[in-house]
Structure formats: structure tokens, C-alpha cells
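Worksheet: one structure, shown below.
The values are calculated or read from the model by the stated rules, or taken from the named source; none is laboratory data. Note that the structure is a prediction, hence the values are computed from the model and not measured. Don't worry about glycine lacking a Cβ; one is built from the backbone with ideal geometry, like all the others, and counts go over all protein chains shown. SASA here: full protein model, heavy atoms, side chains in, ligands and nucleic acids out. Shrake-Rupley method; radii C 1.70, N 1.55, O 1.52, S 1.80 Å.
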Amino acid sequence: MVNYVLRRLLYMVVTLFFISIIGFFIINLVPGSALDARINQLRAQGGEVSYQEIESLKARYGLNDPIPVKYWKWVSGVVHGDFGESFTYQEPVGSLIWSRIGFSVLLSSFALIFTWVVAIPVGVYSATHRYTVPDYVITLIQFIGVAVPDFLMALILLVVASKFFHTGVGGLFSQQYQNAPWSWARVGNLLSHMWIPVIVIAASATAWTTRVMRANLLDVLNQQYVQTARAKGLREAVVIWKHAVRNALHPLIMTLGSLLPSLISGEVIVSIVLNLPTTGPLYISSLINKDMYLAITFLMALSILLVVGNLLADLLLAWVDPRIRYE
Amino acid sequence: MATTQVLLEKAGTVQDRISDIGRLSQWTLMRRRFMENRLSVAGGLVLIVFYLVAIFAPFVTPYSVDALDSNSQYAAPTALHFINGHISICGVTQTLNKANFTWVYTTDCNKAYPLQFFAPGYSYHLFGIIPMNIHLFEVPKGQKFFLWGADSQGRDVFSRTIMGSRISLSIGLVGVTLSVILGSVLGTASGYFGGAIDNVIQRFIELLMSMPTLPLWAAFAAALPQDMSVVKRYFFITLILSLIGWTGLARQVRAKILAYRTLDYTMASRLAGASSWRIILTHMLPNALSHIVVVATLAVPFSILGETSLSFLGIGMLPPAVSWGVLLRDAQQLSVVESHLWLMIPALCVILAVTCFQLLGDGFRDAADPYS
């Protein structure tokens, strides 16, 4: 097992290395970056200070170097904790990203928890009450849930909330807590704002997972050991929850690999609509402004979130399912 | 008594179906299985209507997409009335409320204007070649008819949504076609040849799958220059969507090819001296075709959503191009949507199209395996 974990960790590092190459290449595809804009601005100011700053920027980021050299300069900085500078905010990238990445992780994790907490019981109910009216209703809701794109759901919710309930749902904090230091009241305020984005992000994933759970359980219920359990005279609830559901959960953990990307993508776009202080809005604006070091750092952060999530899913699966071998 | 009758009939059809296997061709069995799924058939029919409307879009739309009208900013949808046996609109007079300087619209149904069907309007080229100016419906000159309201610059939301469907609906199909070609070729190579090729392709797929989709799309799309022509941009956005979308399909094709590789008929044709090309093209791919169609159909909605999301974020299609995502950008501000709900109509089109594709894909999936 230890061996397996170590090998997976090594594999993860290699994956991230290649992702960083691809990402860096994509983001450097177009000429005319925010760095050029910054240098032009400094040149226009003129004077000795500006001149020195231009020279230091050129040396730090290798303005005229080919992309591989630029990449090398960037990576050697990252290893030392220097992610480069955001040229539109004129601040180090490191100081801009951490709180945003934190909120992204928080939102995605809560969305995942919400997905499972809702999808598993609903899926079980749907499977055990197959072809009844509630099952049909659940199936219909599932179809709609998958079809409505995240950002539309967020938009619709915004409109409904303000038109019919006369409340705003944007942001993660009320005005008075916006820049307040952390306290229990602020945490409470955060939680009271967070449930709406969490539901929006998790909606399509929940719908999809419910379908998977229903299909899994129906498969398991046909197996002989379930019949054995019933023949032993166990109560139906015990048969379902202790024997059947446990085995129907394994494929669910396996689908985490495709669930996580959709949650992370959802988080990015929903945050833009709902104006949340997470990676989404800043990532897209950094792409549009060609603020390349900010953009690549966010892209890497989101990829790390995904890769680490997948690793945890694999380890979880290996832990709950002893039939899996770690070759 | 009645229930027994029904049960017997049901049992009868199942019995028939089993005995039909081997008697009827596979395609007949598939078609029959597909037709049994009413929801999928309905989804398919709605999609046919969608695509017909997209093809004949200029004919269906009463106004051209960029017909500005500074007098009808945010005009509400025009009500249709049934007057004197004609579908008509009522005359509207615009007056300025001098107290708060907003336009007040009063309708007067005594002055009704019947819709004119197949009437001349703005000129266009049908299919891009045949010059025409006949439209499905028009209103008399001087009157304005906004079936789905107007946007901030007085442009007809109905016309724009219909014209927008051309980009939004076609980008899904074209993108998925490219994905299918890429996915089939690489999936087949991976499954058939195995070894180092398989290893390289699979690792590459894993790498692509380790990057979150939307942020990766966004990074690519943002790399496109802003001043690109609409056609070029369309081409590149399609390319971006398909370059990332082929991975799932390649995996499915690979799994199928791996399974076929060990079957007797493959061995038989190899022993008969068939080349790899022949085995792949005449024996393996036709077998995998139904599965490829299923995966492709289920992938189309994600392509449509991809384009819509990117355009909504302002890095996909850009004005003057019109697509559903571009139109929804107008609906980004809460204050605007709240008082002009009709700006959300393109969203309904997206949801409807995506739902129908899912239903259709579900039906195809059941039909692809008619022996179960």
C-alpha cells in the first residue's frame, strides 16, 4: 500500500510537470502580453527609475528569450515560492491568489459533499421504488438538472431571488463582513451566503450522480447475495443499506474522476455570475488581459486541485474495496 | 380480466421480439427499439425542427440581426391578438412621461395590423446563394413587431435568437464530428496496435483529462486575437472544443477495439491474410459504429454548452457574431434582466436543445444494443 501511494505521488508530480509545460505554452501563444503593456507604460514615464525597472523586468522574465527559456525562468522562480508578478495589479501573484484558491477549494468541497449527501439517498429511494410516481418525478428533475448549464442556473436563481424574494444572492459576505477579520460571526455570515453557490455548482453533478447511484443499486439488487440476505430474514432496511448500498458505492467513487472536473469548471463560471471572490473571475480577467503569470498560476492551481482530488479518490477506493490490487 | 389481457399482450410482444432476432436485420431491430422510446423520438423531432429553423433562419426572421432601432430600446414582447379572423398586432403609440423621462407605450387594438405571411422584407441569400427577400411573416411598414421583445439597442430578440442558433447548433455538430474523427483514429490505433503507441496515447489522454475542462478551453480561447474575422474565430473555437473533447470517445473506441481483437472473426480474417487496414475498416469500425454514434450524440450538448459558456464569458464568439452565448451576455447584469425577462429566452433555447440531445442520445444508447 505504501508503495502504491508513493508511486501515485510520483506519477502526480510528473503529470503536473507536463501540465505546467502545456499550460505555459498555451498562455504564451499570443504576443502582446500585459508585461509588454507594463514596459511600454514605464517607457512612457521615462526617467532613471523606470529604466532600471524595465531592465530588471526584462532580466527576470526573459522578455526576448524563446519560450523554453522563459518557462525555465518561471519554474525556477515557482520552486522558490515566487510565482511572478501580476502586471495589471502590479502585485506579486502569490499575494493575490491564496485567499481565492482557498474559497475555490471550500466551494468545490462543499459542492462535492452536497452532491453525495443528496444523490445517494435519492438514488437509493429511486432504485427501491422503481417505476413509481416519485421515481418518475426524480428522473424528470434529473434530466432538467443535467440540461441547465451552471451559469444559467446561477442567473435564473439571481433573477428569482431578487424578483420574488427581494434579496441579493451575490458575493460571499455581507457588506459589514467584507473586509472584517476572521471571527465566528464572519464564518456564520460566509456559511449563510455559501449555500446558494454550493447548490448551483452541485446541481448538475447531483442529478447525474443520482442516476449513476440508481443504476448501480439496481445492478447490485439483482445479485444473489442480496437474495441470501433476504432469505436469512433480515429486515429490508438492513438488506438495502448494509448489504446492497455498500457495494453500489464503489462505482460512485470511481466516477469522482469525471465529477471533479465538472465541479471545478462549474465553480469557475458560477463565481463569475454570482461575483464570488474565488479563482474564477480573476482567472478569466487575467486571461483577457494576457496577465500571463497570474493566469498560469490559476490554471496550475485548478489542475492541482483536480489531480489531488483524483489521487484521494483512488486512495479512497483502494481503502474501501479490498478487491482492488495495487500492482 | 382486462389486466390479464394486457399482460398477455405484453408477454406476446416480448416473445415476438426475441423470435425476431436473427430474422430481422440489425438495423430494423435498432429502429424498432428506438421507436419504442417515445421521449427520444420526441427529442429527435424537436431537434429536426431546431435545425430546419437554423437552416432557413433568414426566411423565418422578420428583421436582420443588426437592424438597430433607437426608438424601441428594451421594447417588451409584442402581444398577438386574433382580430377579424387574422393574427394581428395592435397599434402602439409611444409617449414620453415627462415626470420621470421614461417612454410609455399604449396599445390601441382598434388600430389592428394583421401579420402578412410570405411578405417581402430585408433581402438575404438563402443557403448563402439564392437571393430572396420573402419572409415567413412581416408587419406593415411603420409598425414594429417584436415577438420576443427587443434588446438594449432595439434589436429584435426573436430574429437574433433564431440567427444565433446557426452558430450555437452547428458548432456542436461540427465540433463533435472533429472529435469523432480524432477519437476514432487515435482510439483505434491505441487499441489495435497496443504496446508503445497505446501507452503514449493513453498517457496523453490522462494528461488532458487532468486539466479542468472549462479553464483549459478558456486559456486556449483567450489566446485567439480579438480582431479575428467571425469565420476564422468560429473555426478556431470549434477546433478548441474538439481538441479537448475527443478523449472520452477515444477511450470508448479503444475498449471496443480491444474486445474485438480477440474475437474469432478477427483471427479468421487475419489468417486469411487480410491487412490491418482491412481488418480495422471492414470488421472492427463498422461494429463499433453504433457505439461511436451514441457517444457522439451524448457529446453534442457539451459542445453546445462549451460554446455558450465561452461566449458568455466574452472569450468565445464575439459580436458582431450572433450566438446564444453572445446573446446571453446581455443578460449578465441582474438589473437589466430583472426588468427585461425576455432577454433570457436564448437560455430557454439552450436548455431545450441540450435536453433534446440527451433524450436522443439515451434512445440511441438503448437502440445500439437491440439484443438485450
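When A:223, A:175 are checked against the criterion of being open to solvent by 40 Å² or more (accessible area, probe 1.4 Å) and at pLDDT 85 or above, A:223 stands alone in meeting it. Within the option set A:76, A:108, A:56, being in contact with an Asp or Glu (Cβ under 7 Å, 6 or more places away or on another chain) and either among the hydroxyl-bearing types (Ser, Thr, Tyr) or over 23 Å from residue A:20 (Cβ atoms) (or both) holds for one residue only, A:108. Among residues of segment A:291-317 that are within 19 Å of residue A:12 (Cβ to Cβ), those with a Cβ under 7 angstrom from a residue that is part of a helix (DSSP H, G or I) and charged (D, E, K, R), sequence gap 6+ or separate chain, pair up as A:311/A:8; A:314/A:8. For beta carbons closer than 7 Å, sequence separation of 6+ or different chains, a first residue in segment A:257-280 that is at the interface with another protein chain (Cβ under 7 Å from one of its Cβ atoms) and under 16 Å from residue A:306 (Cα atoms) and a second that is β-branched (Val, Ile, Thr) and not in a loop (DSSP other than H, G, I, E, B), the qualifying pairs are A:261/B:213; A:265/B:213; A:268/A:279. With respect to being open to solvent by 20 Å² or more (accessible area, probe 1.4 Å), within 14 Å of chain A (Cβ to nearest Cβ) and outside any helix (DSSP H, G or I), residue B:153 falls outside the description. Annotation note: of B:71, B:97, the sole residue that is of a type outside the set (A, V, I, L, M) and open to solvent by less than 60 Å² (accessible area, probe 1.4 Å) is B:97.
Only one of the numbered conditions (1) farther than 17 Å from residue A:294 by Cβ; (2) in contact (Cβ under 8 Å) with a residue 12 or more places away in the chain is violated by residue A:56, and that is (2). If the condition is being out of contact with any Ser or Thr (no Cβ under 7 Å at 6 or more places or on another chain), buried (at least 24 other Cβ atoms within 10 Å of the Cβ), more than 10 Å from every other protein chain (Cβ to nearest Cβ) and of a type outside the set (A, V, I, L, M, F, W, C), then segment B:304-348 contributes only B:316. When residue B:352 is tested against (1) within 12 Å of chain A (Cβ to nearest Cβ); (2) more than 12 Å from the chain's Cα centre (by Cα); (3) in a helix (DSSP H, G or I), exactly one condition is not met: (2). Residue-level check: of (1) outside any helix (DSSP H, G or I); (2) crowded, with 17+ Cβ neighbours inside 10 Å, residue B:226 misses just (2). Filter segment A:282-316 for residues that are farther than 23 Å from residue B:302 by Cβ and open to solvent by 20 Å² or more (accessible area, probe 1.4 Å) and give the result. Residues satisfying the conditions are A:285, A:288, A:289, A:290, A:300, A:301, A:304, A:308, A:312, A:314, A:315, A:316. Filtered by the rule that a residue be in a strand (DSSP E or B) and surrounded by 14 or more Cβ atoms within 10 Å (Cβ to Cβ), segment B:123-150 gives B:124, B:126, B:132, B:134, B:135, B:136, B:137, B:138, B:150. Select, from B:266, B:297, B:282, the only residue that is within 23 Å of residue B:237 (Cβ to Cβ) and either more than 25 Å from the chain's Cα centre (by Cα) or more than 13 Å from every other protein chain (Cβ to nearest Cβ) (or both). When all the criteria are applied, what remains is B:297. Within segment B:260-291, the set of residues being hydroxyl-bearing (Ser, Thr, Tyr), in a helix (DSSP H, G or I) and either in contact with a His (Cβ under 8 Å, 6 or more places away or on another chain) or open to solvent by 50 Å² or more (accessible area, probe 1.4 Å) (or both) comprises B:260, B:265, B:266, B:269, B:282. Applying a threshold of 6 Å to beta carbon distances and a minimum spacing of six or more residues, or different chains, the list of pairs starting in segment B:253-270 at a residue that is without any contact (Cβ under 8 Å) to a residue 24 or more places away in the chain and ending at one that is of a type outside the set (Phe, Trp, Tyr) and exposed (fewer than 13 other Cβ atoms within 10 Å of the Cβ) is empty.
Does residue A:244 count as surrounded by 23 or more Cβ atoms within 10 Å (Cβ to Cβ), under 23 Å from residue A:320 (Cβ atoms), more than 12 Å from chain B (Cβ to nearest Cβ) and modelled with pLDDT of 85 or more? For residue A:244, the condition - surrounded by 23 or more Cβ atoms within 10 Å (Cβ to Cβ), under 23 Å from residue A:320 (Cβ atoms), more than 12 Å from chain B (Cβ to nearest Cβ) and modelled with pLDDT of 85 or more - is met. Just wondering, is there one or more residues in segment B:191-212 that are within 26 Å of residue B:294 (Cα to Cα), away from chain A (no Cβ under 14 Å) and basic (Lys, Arg)? No, because not a single residue in segment B:191-212 is within 26 Å of residue B:294 (Cα to Cα), away from chain A (no Cβ under 14 Å) and basic (Lys, Arg).
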